[in-house]
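The values are calculated or read from the model by the stated rules, or taken from the named source; none is laboratory data. Predicted, not measured: the structure shown is a model, and the values here were computed from it. Positions of Cβ are backbone-derived with ideal geometry, glycine not excepted, and every protein chain shown enters the neighbour counts. In case anyone asks, the SASA skips ligands and DNA or RNA and just uses the protein heavy atoms, side chains included. Shrake-Rupley method; radii C 1.70, N 1.55, O 1.52, S 1.80 Å.
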Amino acid sequence: MTTELDAGTGKVAAKQAGPAPIIDARGLGRWYGEVVGLSDLTVQVPAGITGLVGPNGAGKSTFMKCVVGELRPQRGAIRVLGLDPFANRHLYARMGFCPQQDALYDQLTAFQFVEHLLRIGGTPSRAAKEQAAQALERVHLADAMHRRCGTYSKGMRQRVRIAQAIAHSPEMIVLDEPLTGLDPVARHQMRQLFEQLAAEGSSLLVSSHVLHELQGLTERIVLIHRGRLLAQGSVREIRNLLSQHPRRVKVRAQRVRPLALALAAEPDVRAVRWMDDTSVLFETTAPQALLERLESLVPTTQPGILSLEVDDEDLEAVFDYLVA
Amino acid sequence: MAFLTALLLICRLELRSLFRSVRTWVAAGIALLVAAIAVLAGGAAPAERIFSGMSVMMLQIIAPLVGLVLGSVVISEEVEARTITFIFTRPVHRSALFIGRWLAVGLLAAGLLGGSAALTTWGTTHALVREPAQRTEWVREFQRGERWVEADRSTHRRVLYEVEGGDLEREWIGWIQPGEIYPLQRPDKLNRPNRIRGLAALPVDMTLPAGASTAFAGAAALAALFYTMITAGLSIFVKRPLIFGLGYAFAFEGLLANLPGSTQALSVQHHVRSMLISGSPPELFERFRLFGEMEFFTPGEAVLRLLAIGGGVLALCAWAVQRRQFVLTS
């Protein structure tokens, strides 16, 4: 997969190459009365682990509900594993869904809950029992699986929801904020589980509004905001493709003025902003070139550099930049 | 075939899980209310009298309540609890899910109400809590000075006397044992000696006419199936199906089914009443004057009409649930 900047919107858009995407959404629109859930969202998600990120209210859950066929888009079209997802039982045999809402059958034990859902799906009784037990073991709930769900902590309930999504070994798993409510140990365990599932051949679409949760789990992210695709690709790809958008380099030096004057003449520098007597902020489309030029200027200008800061490339920074 | 297999599997699974639900036990409590009253009242009056009252109460109030409470399990409870996502993302046709779950709650409701109807019948024909009441019967005229029997209030035996032209039901003066006679002479208001006749206290009739209990149990079970279908079906289309269902059962049907005329045929109530009343001996419900002004279907006709309507409603619901989006609020 590659990414590119959309000339019309100025945003980063995805371009698909290679095998057919597992999710192919084109021009999706979905409203709740006057509230926009999705607005002209076009995105293709390939196999593997994909992170779906966006602030609260961005449309992540709405998109996921469209993916799992809980909602039907009012505009556009969506295909998941090549199928129309809405109420499609053939798709559900190949897909697992962990919803965001903290809802379980509290009167059932975790084992009964997962087994019941497997049985509804047509799994024979003995196999359902085995699969339920295995899934609950994978989410580290083996010891507590015969306790009623109503007695579970929030983290345990989250793990039960993950278990029911993976119990039938689906080829695609949609996880809506799956790490919410988990303690650090459980988060680590679940991230390991997701990696294992991916290694076993499942594709995962994982949403989160806590961006660092996804960093490390996957390089491939889909950023949505206000129901629209903001960017898609790896964090680095997205950052590199923002070539028309400047990055910021902050220089602190004892004699910053001559340095600033020299660097301001560089062709990639779009703006120079004085912060105070010792600090200046450059906006450049080529931060590396700026740093190299700065290095070359040090012997002649003797600025007495105190510090250099380049806005980082992590997901949070990208996200902040794009959403802002 | 796969659809039917899935439907039956879902029905079986749902029945199993229904027994763990608080709602089931609440519905069972409501269903058994009539039976409990019948058992407590059994023997207090002739069985026919208690039976007719209890059966009408069952069909008009209890059956709709139980049906509506249990029917909401099918969809609306899942929507409210936000668990519907789990069942609607299973590899099974939504229609099979809907019909299978409705069948489970319908069968449970039918079992509860049919069972309660059977228990009600049994309660009215057996005096478990009290000794059977006595009805008085004139035995003969008594001569002045004939044997007197002291009245005993604790045994609840009534003895009546008659003043010529008096009201038999109202004029009573004391208590006697079954089979005993109680002659009395008392002057009337003009101070003339009255003719005295004797009364005997005899047990009330504790039997029911043939066919009445079967008609009652059948009507109750069928009512259960249809009232569960109403809430289950409403929950596909509206957010508060129980409120709409209660409005339908007690306001709309309450009016429609009690207005003589052909519009009665539009209510479930009229059909289940037809099963009960047409399937029982005519004298059983004579005291309900309103029923005397109505024309009821024969039991077979009522069942066939309900099955035809029910089949249509079920098909519509199965079609709608496959297309409906259930938007869950966070």
Given a 1.4 Å probe, the accessible area of chain A per residue, as a whole number of Å², is 43 Å²
Choose one answer from A:Gly122, A:Gly69, A:Gly59: the residue with the largest mean-square fluctuation in a GNM of chain A with alpha-carbon springs under 10 Å. A:Gly122
Computed from the mean reciprocal separation of all distinct C-alpha pairs, what Kirkwood hydrodynamic radius does the range A:2-241 have, in Å? 18.2 Å
Just A:Ser279, A:Ser208, A:Ser307 to compare: in a GNM of chain A, with alpha carbon springs under 10 Å, which one fluctuates most? A:Ser307
Rounded to the nearest 5, what is the percent of antiparallel bridges among the DSSP beta bridges in chain A? 70 percent
Not counting ligands, DNA or RNA, and with a 1.4 Å probe, what is A:Arg273's accessible surface area in Å² rounded to the nearest 10? 120 Å²
Using label points projected 7 Å from each Cα along Cα→Cβ, tell me how many nm separate A:Arg255 and A:His146, to one decimal. 8.0 nm
Using a 10 Å cut-off around each Cβ of peptide A:113-121, what is the average number of partner chain Cβ atoms that fall inside? 5
Are there any residues in the range B:1-31 with a reduction of at least 20 Å² in accessible surface when going from the isolated chain to the assembly of protein chains? Probe 1.4 Å, please list them by number. B:Leu9, B:Leu13, B:Arg16, B:Ser17, B:Arg20
Ignoring ligands, DNA and RNA, what percent of the accessible area of the range A:2-241 is carbon or sulfur (1.4 Å)? 49 percent
Accessible-area loss of at least 50 Å² in the complex relative to the chain alone (1.4 Å probe) applies, within the range A:86-106, to A:Ala87, A:Arg89, A:Tyr92, A:Gln101, A:Ala103, A:Tyr105
Which value, in Å², gives the accessible area per residue of the range B:16-119 when a 1.4 Å probe is used on the protein heavy atoms? 29 Å²
Enumerate the calculated ³J(HN,Hα) couplings along the range A:214-230 in order (Karplus 6.51 cos²θ - 1.76 cosθ + 1.60, θ = phi - 60°), each rounded to whole Hz, writing x wherever the residue is Gly or Pro. 8, 5, x, 7, 8, 8, 8, 10, 10, 9, 10, 8, 6, x, 10, 6, 9
Relative to the longest principal axis of chain A, what angle (0 to 90°, nearest 10) does the C-alpha long axis of helix A:287-301 take? 30 degrees
Given a 10 angstrom Cα cut-off, can you work out which residue in A:Asp24, A:Asp102, A:Asp276 is the most mobile in a GNM of chain A? A:Asp276
Using protein chains only and a probe of 1.4 angstrom, how many square angstrom of A:Met156 are accessible, to the nearest 10? 30 Å²
The A/B contact buries a total accessible area, at probe radius 1.4 Å and rounded to the nearest 100 Å², of 2900 Å²
Counting only DSSP beta bridges with both residues in the range A:128-274, tell me the antiparallel percent, nearest 5. 60 percent
Carbon plus sulfur, as percent of the 1.4 Å-probe accessible area of the range A:245-311, comes to 49 percent
For the cross-link pairs A:Lys60/A:Lys154; A:Lys154/B:Lys239; A:Lys65/A:Lys154, which exceed 24 Å when the distance is taken from alpha carbon to alpha carbon? A:Lys154/B:Lys239
Which angle between 0 and 90 degrees, to the nearest 10, do you get for helix A:154-166 versus the longest principal axis of chain A when only C-alpha atoms count? 70 degrees
Nearest 10 degrees is fine. How inclined is helix A:184-199 to the longest principal axis of chain A, computing both from alpha carbons? 80 degrees
Could you give the distance between the Cα centres of the range A:96-131 and the range B:20-39, to the whole Å? 30 Å
